[in-house]
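Peer 1: Mind having a look at this structure? Questions to follow.
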């Protein structure tokens with residue numbers, strides 16, 4: 001089954017770029033890297049796929065030069081070097097640190113070749129690679145499905161088209177909300193979604209989740225540098241899901257591991273995209289200053305995997321408001337997951353905002369950069385709740401716009417901070433997290449102000 005992925009357009013741009021370099025497609029195992037490359041290969045006349053977990057393919061990189069490697073690859077596939085529409089895909093490249101290092105010579109000696117590489121847990125391998133070809137390769141990240149990709153996989157193209165009209169019509173809210181609940185429960189791992197589409201039930205998903213998670217544990221055993229590192233990585237994978245708030249490195253998961261050991265392991269998992277460290281910013285204006293000395297939050301690769309590890313999927317199914325369980329953590333994960341998936345760039349991390357004072361600490365769930373502005377985004381279960389942290393942020397920033405994601409329909413409010421600064425608060429349904437970039441533009445240009453909204457948007 002072939003799924004429509006947003007990264008496809010970025011791959012097309014790479015293909016037609018005049019400064020094209022070998023592309024490393026990053027992402028955790030089973031997010032669909034190989035599938036999207038094979039689909040993308042239809043854009044070419046010829047296609048060669050190597051899998052370095054196969055010994056015959058791996059031995060090609062034992063040859064003495066890149067020229068010999070390329071010649072052997074082409075002869076083996078009966079393809080001419082002069083084929084100007086050829087894509088070579090090197091899968092599981094983490095199996096050969098030498099192959100990773102040689103990518104610079106692919107770029108220098110064969111600039112006309114279109115080469116895509118993919119691998120899992122590359123960061124653990126790259127620790128032992130002293131000459132990564134920085135500047136001679138391009139990198140992209142593939143994430144699990146966001147909500148719109150999930151809908152496309154479900155055959156709901158008509159629903160996705162509704163998102164293109166800004167603001168979205170209110171009378172679609174209940175329909176989309178039910179589908180979003182399914183997404184939050186199931187997540188965006190392609191194999192899980194495929195199983196759900198084919199079976200129409202949740203009952204067969206548990207085994208698929210477990211197989212995926214076990215594959216990650218097996219990778220740790222395979223690529224961990226030593227027994228200590230393997231033990232710490234294994235412990236983090238087993239306990240991280242139960243960390244509810246901002247974490248402390250030392251003693252993580254009720255262990256005796258030192259801060260340095262836990263920090264190193266978490267940073268490896270972060271770069272490998274299994275678990276991300278979400279650090280706070282203390283800035284309300286650009287440049288955004290991230291404070292790596294303060295406690296971070298943890299973001300799981302996929303909300304469905306998180307739910308399965310916690311054993312709460314059956315409870316989520318029976319809830320009308322998903323924020324009622326686990327102190328809203330699951331919803332926050334779903335929002336982060338969707339927004340993160342909108343950017344395929346390496347290092348495009350999201351942050352939250354903190355102002356930590358003795359008697360007046362404040363925290364905003366998410367900071368989104370729109371052009372030259374930092375926009376505060378709160379994730380709430382309903383229309384009620386304190387806006388104190390948003391007020392604190394708005395008082396210190398150079399604009400008058402904020403976003404609140406909640407389970408209600410879209411609305412716009414004119415609000416004032418405690419100090420009297422007026423600003424526009426855009427209340428977005430949770431399922432529109434994928435469209436925060438568009439709605440930020442809409443709101444900041446003025447269309448979202450209460451006096452300018454269309455009749456289907458009701459100010460609160």
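Peer 1: Can residue 152 be described as assigned to a helix (DSSP H, G or I), surrounded by fewer than 22 Cβ atoms within 10 Å (Cβ to Cβ), modelled with pLDDT of 85 or more and within 24 Å of the chain's Cα centre (by Cα)?
Peer 2: Working: assigned to a helix (DSSP H, G or I): yes; surrounded by fewer than 22 Cβ atoms within 10 Å (Cβ to Cβ): yes; modelled with pLDDT of 85 or more: yes; within 24 Å of the chain's Cα centre (by Cα): yes.
Yes; evaluated as a whole, the condition is true for this residue.
Peer 1: Filter region 46-61 down to the residues that are touching a helix residue (DSSP H, G or I) at 6+ places or on another chain (Cβ under 8 Å) and within 11 Å of residue 99 (Cβ to Cβ) and list them by number.
Peer 2: 50, 52, 58, 60, 61
Peer 1: Please indicate, with yes or no, whether at least one residue in region 191-213 is at pLDDT below 90, in a helix (DSSP H, G or I), surrounded by 16 or more Cβ atoms within 10 Å (Cβ to Cβ) and at negative phi.
Peer 2: The answer is no; no qualifying residue exists.
Peer 1: Could you please find all residues in region 160-178 being within 25 Å of residue 319 (Cβ to Cβ), in a loop (DSSP other than H, G, I, E, B) and more than 24 Å from the chain's Cα centre (by Cα)?
Peer 2: Matches in region 160-178: 168 only.
Peer 1: Here's something else I'd like to know. Take the residues in region 362-408 that are over 15 Å from residue 284 (Cα atoms), in contact with a helix residue (DSSP H, G or I) (Cβ under 7 Å, 6 or more places away or on another chain) and not in a strand (DSSP E or B), then tell me which one is modelled with the lowest pLDDT.
Peer 2: 381
Peer 1: Separate question: Looking at (1) in a helix (DSSP H, G or I); (2) free of Cβ contacts under 8 Å to residues at least 24 places away in the same chain, find the lone condition where residue 135 falls short.
Peer 2: So the condition that residue 135 fails would be (1).
Peer 1: To continue, here is another question. Where residues in region 301-312 are crowded, with 23+ Cβ neighbours inside 10 Å and touching a strand residue (DSSP E or B) at 6+ places or on another chain (Cβ under 9 Å), which of them is farthest from residue 185 (Cα to Cα)?
Peer 2: Among residues in region 301-312 that are crowded, with 23+ Cβ neighbours inside 10 Å and touching a strand residue (DSSP E or B) at 6+ places or on another chain (Cβ under 9 Å), the one farthest from residue 185 (Cα to Cα) is 301.
Peer 1: Considering only region 252-268, I want to know if a residue exists there that is crowded, with 19+ Cβ neighbours inside 10 Å, in contact with a strand residue (DSSP E or B) (Cβ under 7 Å, 6 or more places away or on another chain) and under 25 Å from residue 332 (Cα atoms).
Peer 2: Scanning region 252-268, I find at least one residue that is crowded, with 19+ Cβ neighbours inside 10 Å, in contact with a strand residue (DSSP E or B) (Cβ under 7 Å, 6 or more places away or on another chain) and under 25 Å from residue 332 (Cα atoms), so the answer is yes.
Peer 1: Among residues belonging to region 1-14 that are touching a residue at least 12 places away in the same chain (Cβ under 8 Å) and assigned to a helix (DSSP H, G or I), point out the one that is farthest from residue 161 (Cα to Cα).
Peer 2: The qualifying residue farthest from residue 161 (Cα to Cα) is 14.
Peer 1: Something else now. Where residues in region 342-361 are over 21 Å from residue 140 (Cα atoms) and in a loop (DSSP other than H, G, I, E, B), which of them is modelled with the highest pLDDT?
Peer 2: For region 342-361, the residue satisfying everything is 361.
Peer 1: Here is a further query. Within region 416-425, can one find any residue that is at pLDDT below 95, part of a loop (DSSP other than H, G, I, E, B) and in contact with a strand residue (DSSP E or B) (Cβ under 9 Å, 6 or more places away or on another chain)?
Peer 2: There is at least one residue in region 416-425 that is at pLDDT below 95, part of a loop (DSSP other than H, G, I, E, B) and in contact with a strand residue (DSSP E or B) (Cβ under 9 Å, 6 or more places away or on another chain).
Peer 1: Then there's this: Can you confirm whether residue 277 is farther than 19 Å from residue 365 by Cβ and surrounded by 14 or more Cβ atoms within 10 Å (Cβ to Cβ)?
Peer 2: Criteria not met by residue 277.
Peer 1: Let me ask you something else. Got a number for residues in region 219-248 being in a loop (DSSP other than H, G, I, E, B) and either in contact with a strand residue (DSSP E or B) (Cβ under 9 Å, 6 or more places away or on another chain) or surrounded by fewer than 18 Cβ atoms within 10 Å (Cβ to Cβ) (or both)?
Peer 2: The total comes to 8.
Peer 1: Shifting gears a bit: Just name the residue that is nearest to residue 342 (Cα to Cα) out of those in region 115-146 that are surrounded by fewer than 21 Cβ atoms within 10 Å (Cβ to Cβ) and modelled with pLDDT of 85 or more.
Peer 2: This residue is 140.
Peer 1: Sticking with this one: Can you name the residue in region 257-302 that is in a loop (DSSP other than H, G, I, E, B) and within 19 Å of the chain's Cα centre (by Cα) and, of all such residues, is nearest to residue 244 (Cα to Cα)?
Peer 2: Looking at residues that are in a loop (DSSP other than H, G, I, E, B) and within 19 Å of the chain's Cα centre (by Cα), I get 296.
Peer 1: Considering only region 343-361, state which residues are surrounded by 17 or more Cβ atoms within 10 Å (Cβ to Cβ) and touching a helix residue (DSSP H, G or I) at 6+ places or on another chain (Cβ under 8 Å).
Peer 2: 344, 350, 353
Peer 1: Restricting attention to region 284-297, which residues are out of contact with any helix residue (DSSP H, G or I) (no Cβ under 6 Å at 6 or more places or on another chain) and crowded, with 18+ Cβ neighbours inside 10 Å?
Peer 2: Scanning region 284-297 gives 296, 297.
Peer 1: Just checking, which of 414, 357 is farther than 29 Å from residue 32 by Cβ and touching a residue at least 24 places away in the same chain (Cβ under 8 Å)?
Peer 2: 414
Peer 1: Please specify each residue of region 155-175 satisfying the condition of being surrounded by fewer than 15 Cβ atoms within 10 Å (Cβ to Cβ) and either closer than 20 Å to residue 412 by Cβ or without any contact (Cβ under 8 Å) to a residue 24 or more places away in the chain (or both). Step through it out loud before you land on a result.
Peer 2: Start the filter on region 155-175 by keeping residues that are surrounded by fewer than 15 Cβ atoms within 10 Å (Cβ to Cβ), which leaves 155, 157-158, 161-162, 164-165, 169, 171, 174-175.
Within region 155-175, 157, 158, 161, 162, 164, 165, 169, 171, 174, 175 qualify.
Peer 1: Among all residue pairs at least 6 apart or on different chains, which show Cβ distances below 9 Å where the first residue, located in region 333-344, is within 15 Å of residue 404 (Cα to Cα) and the second is modelled with pLDDT under 90 and assigned to a helix (DSSP H, G or I)?
Peer 2: From residues that are within 15 Å of residue 404 (Cα to Cα), the pairs are 334/322.
The values are calculated or read from the model by the stated rules, or taken from the named source; none is laboratory data. Fair warning: this is a prediction, and the values are worked out from it, not measured in the lab. Note that we place each Cβ from the backbone using ideal geometry, even for glycine, and neighbour counts take in every protein chain shown.
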